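What follows is a structure written as structure tokens; I'll ask about it next.
No value in this document is a laboratory result; all are computed from the given coordinates. Bear in mind the structure is a predicted one, so any value in this text is a computation, not a measurement. All Cβ positions, even for glycine, are placed from backbone atoms using ideal geometry, and neighbour counts span all protein chains on display.
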Amino acid sequence: MASAAATPRYEGKHHLAHHFDTRRQQFDSHKLAMWLFLVTEVLMFGGLFCAYAIYRASHPEIFLFAHTLLDKNLGAVNTIVLLFSSFTMAWAVRAAMLGERRRLSALLAITLLCGFGFLGIKAFEYNHKWQHGFLWGQQFAYAELPDYLAGHGADAATAPDSAADAHAAAVMAELDHAAAVTVAHGHDPALIPRNVHIFFGIYFVMTGLHGIHVLAGMIVIGWLLRRSLRGDFGTRNYTAVDLGGLYWHLVDLIWIFLFPLLYLIH
Amino acid sequence: MPEPDRSHRPLPANRAVCGTADTDSVHDEPGGGDLHPHPVPLWMLGGVFATLIVLTVLTVAATYVDLGRLNVWVALAIAAVKGMLVAEVFMHLRWDRPFHRIALLAAVAFVALFIGIAMLDRVTYLPDLIPGHAPGVQQ
């Protein structure tokens, strides 16, 4: 028992599976498998990006109008949170390779916290959409939209975003078709295109699937953190950290495309 | 004279599937096929993170400039540069076996092909499209 306690835990944990010749070969096989899995993830999100491309090309006015109902600042903050978590994750992989156990645990914990931060902000955004009925399909509360716009119209007039709003209105006027219905409400008539719910259908599916991936990544990082605290990882056993990191970076990679496509439409 | 029985030996095929020309054989590698970790230098990780933040600010700033149809392409180009940085440095592709990069690029290429052909198809029904009208949807 005494000798077992003297050996670092990871030395004992890191066995070579019988069907591999060397550790290198074992590591390469694991990494190849992870990359192939990531490829399937890219293809899965590719289907959603395709839906996005077709709807945006066919109905640009919906996207121009509806994206103003999203909070650009929260989207930008979330982007930075996720980029930072990717940085700490990449650093965690480095720490694992160098055998810096305490630093590895700390970095994994920071990454996990960033995951909570991202989902927290996302939940705040979803809640706002839910409250105002900016939802998919027939759940979309068209009746409340003029009220919402009137309530925010005063802010928009002074906010720096007003230029963008004016631009959107100009584009809609330019399109000059049945899409632009004028809704007179109170003192301010607002231009609201039809079928705004299509944007929110796409928004919720894309960010929702991405959010599920963030959640899955957090479970993986939580598991890595537990193992790291237990002392499983070292210079000869960092495969799990490396592969978990790859998954987390892919989640970041997808958000890098989602952010400008959903929040920054011009 | 009959061939000696070699069935207990590792299959030679192992060598072939494992990599590219010079780093090919796991058996020939220094350290007897043990892991050779390649930790990415910290300055490089930090540099990539800083660049990603700068590009994020840039992509937000770009939406305030009216480039017409080009806006979306500028946003996608910036996102592609950011994605490349994440993949090459954070995801370690730069120092990995080339096959991983090939796999990722192939996936991206097939997504592009998929979207491209779907968009071509869209052109065929474009004349029938009533802007702003989605049949079967109630408001």
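How high is the FRET efficiency from A:Ala17 to A:Thr40, r the C-beta distance, R0 25 Å, rounded to 0.05?
0.60
Hey, another quick one. Report the FRET efficiency, 1/(1 + (r/R0)^6), for B:Met84 and A:Asp147, where r is their Cβ-Cβ distance and R0 is 35 Å, rounded to 0.05.
The formula returns an efficiency of 0.20 here.
Provide the per-residue ³J(HN,Hα) series for the range A:202-216, in order, calculated from phi with Karplus coefficients 6.51, -1.76, 1.60 and θ = phi - 60°, each as a whole number of Hz, with x at glycine and proline positions.
5, 4, 6, 5, 5, 6, x, 5, 5, x, 4, 5, 4, 4, 4
Can you list residues from other chains, or at least 5 along the same chain, whose modelled amide H is less than 5 Å from the amide H of A:Phe140?
Result for A:Phe140 returns A:Leu135.
A further question on this structure: Can you compute the modelled spin-label distance between B:Trp73 and B:Asp34, with each label point 7 Å from Cα toward Cβ, in nm?
Between B:Trp73 and B:Asp34, the label points sit 5.3 nm apart.
Further question: Ordered by packing density, taken as the mean number of other Cβ atoms within 10 Å over each peptide's residues, highest first, how do B:57-68, B:116-127 rank?
With the highest mean Cβ count within 10 Å placed first, the list reads B:57-68, B:116-127.
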